[in-house]
Amino acid sequence: MTVQTRMKTQTHHNQTFRSIPTHSKPLDTARLEKLFQQQLDLYKSNLKSSSDEYLTALKTIPLGAHSTFQSFDPYPISIKSAKGAWMVDVDGRKMLDLSMGFGSMLVGHLNPLVMAELKATLDIGTLYTAPSPDSRDAAERLCRRFGIDQIRFTNSGTESTMYAVRTARAYTGKEGVVKVEGGYHGSGDALMVSTKPSLDKAGPEDAPNSVIGNASVPGLSYVVPYNNAEALERVFEKYSSTIACFIVEPVLENIGIVLPDEGYLEKVRELCDQYKIVLIFDEVKTGLTAGPQGAAQRLGVIPDLICLAKSIGGGIPLAAFGGKSEFMKPVTDGRMPHLGTFNGHILAMAAVRAVDTLCTPEALAKAESLNIQALTRIREIIDEYELPAHTVGFGVKGCVTWSDRPVRNYRDYKATDFQIAELSFLWSLNHGIMTPPGLDEQWLISLAHDQAEVDFMVNDFRELAKTLRG
Ligand SMILES: Cc1ncc(COP(=O)(O)O)c(C=O)c1O
């Protein structure tokens, strides 16, 4: 087996974490296949009630789950209850939750303050479908935190990105949308483009095709590689007369974690200003998991519009879009009516109050330092076992990427080792760790995770590393 040595690593933004090993050795693929089969057999023999639940659910629910993301082979784990950082599945297994509702449960399951706010709210009403002091208060809290002038609440990230794009279209009077290859922004038509395109359709790396998702009608869409300001400028130069907005996650969090190179986001801001294109940051995933004021403020680049969801709602369906008053004008003057029966639901507003109180800089710093500890200890295990992997993190999120070189865009991500990623996913589920479905999500260290939970996940990774080497 060859030992690969790498001296130089890419510079990533200094508020982000990436640690590339200096050397690694490939793993034996026949052994990986055998291990995968063993883990699959173990899964099927230990998760019988989940299997029964799945087979029953199939009769009424396509794929047995209410989101296609929640379903995976051979069948998903069915959950009975959750508290703090732990879940119990229908087979009675206690599982450490590292998915935390794709990052929504930043304050932990059944957080006492969230529960107290929700219970108190149920004493006074359920749904008003009218403005209330509670919805004004929640708006003020989030505007203060995220440094924006105005905000509108929605019920999902998909709605927020859809309305942000529509607002930008109304503001500019143009239709075109530019997005990053491999970026996911929810399932609205305009953005179901090149989310994870197959490489035979994706075209050249520095000028990707816009690959339209099944059954969607996006309108005018352009796709660019992440971390490539030159490619963005080429698209702006050629098509700016038709482009309303560029929407991007400041840190990509749907293909593992992909960090912005030093200077990339600043250049994006500059180009959007130069070509008069609305810059939208999709902070559905980053948000409070990036730090007390979100990713934009932490990374020092301020967009025109921002989309929020998941972590702001403490587990209640809540999302928002907002930004500078100037860019929210189309909502005010009616060029972009924003509608929704459940918008500003008082249960969600109660959750915002609790989350805003809980997510102090100190509380988030403690979770982040546990996350850095996990990333560092896992990196040491990667070194010890010379694994072809590295660790990446941002705020309270982290992941292991199965490649010994940095992943800077979708094409790099496609070159990572999915065989090991699949095995590692199944391994975790069998060993009592709930990681997000898919091979490209990240863990979340919530306010409910502590030293014991970090030790549990790091020790499990050590067992995996030992087993991979045999
Ligand atoms: C970056 C990003 N934007 C938007 C969405 C859509 O959010 P929702 O699932 O609440 O519709 C997601 C969902 O995971 C996301 O990761």
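Each value in this text was obtained by applying a stated rule to the coordinates, not by laboratory testing. Here the structure is a predicted model, which is why all the values come from computation and not from measurement. Counting neighbours? That spans all protein chains shown, and the Cβs are built from the backbone with ideal geometry, glycine included.
Things to note:
- Cα gyration tensor shape for the chain, rounded if a/c is under 1.5, else prolate or oblate: oblate
- Label zone at Q297 (point 7 Å along Cα-to-Cβ), backbone N below 18 Å, segment 364-385: 364-368
- Full-extension gain in nm, V88 to E262, via 0.36 nm per residue minus C-alpha separation: 58.5 nm
- Relative exposure of D200, D261, D304, D282, judged by other C-beta atoms within 10 Å (fewest first): D200, D261, D304, D282
- Percent RCO, i.e. relative contact order, over the chain, from Cα pairs under 8 Å lying at least 6 residues apart: 24 percent
- Entry note, segment 354-447: relative contact order of 26 percent, from Cα contacts under 8 Å with a spacing of 6+ residues.
- Taking other C-beta atoms within 10 Å as the exposure proxy, V88, V177 rank V88, V177 from fewest upward.
- Principal semi-axes in Å for segment 112-359 [√(5λ), Cα gyration tensor, largest first]: 32, 18, 17
- Between D455 and L63, the contour length at 0.36 nm per residue exceeds the Cα-Cα span by 137.7 nm.
- Extending 7 Å from Cα along the Cβ direction at A365 and again at T11 yields two label points whose distance is 2.7 nm.
- Extended-chain gain in nm, criterion 0.36 nm per residue less alpha-carbon gap, D73 and L42: 9.8 nm
- Burial ordering of W443, W86, fewest other beta-carbon atoms within 10 Å first: W86, W443
- Of the chymotrypsin sites (Phe, Trp or Tyr not before Pro) found in segment 108-168, those in coil by DSSP whose Cβ has at most 14 other Cβ atoms within 10 Å are Y128.
- The S132 and L199 beta-carbon pair, evaluated with R₀ = 56 Å, returns a calculated FRET efficiency of approximately 0.65.
- Scaled to the globular estimate 2.2 N^0.38 Å, the Cα spread of segment 285-397, given as radius of gyration, is 1.38.
- Calculated mean residue ellipticity at 222 nm for the chain: -12000 deg cm²/dmol, from DSSP H runs with n ≥ 4 weighted as -39500 (n - 2.57), summed, divided by the residue count and rounded to 500.
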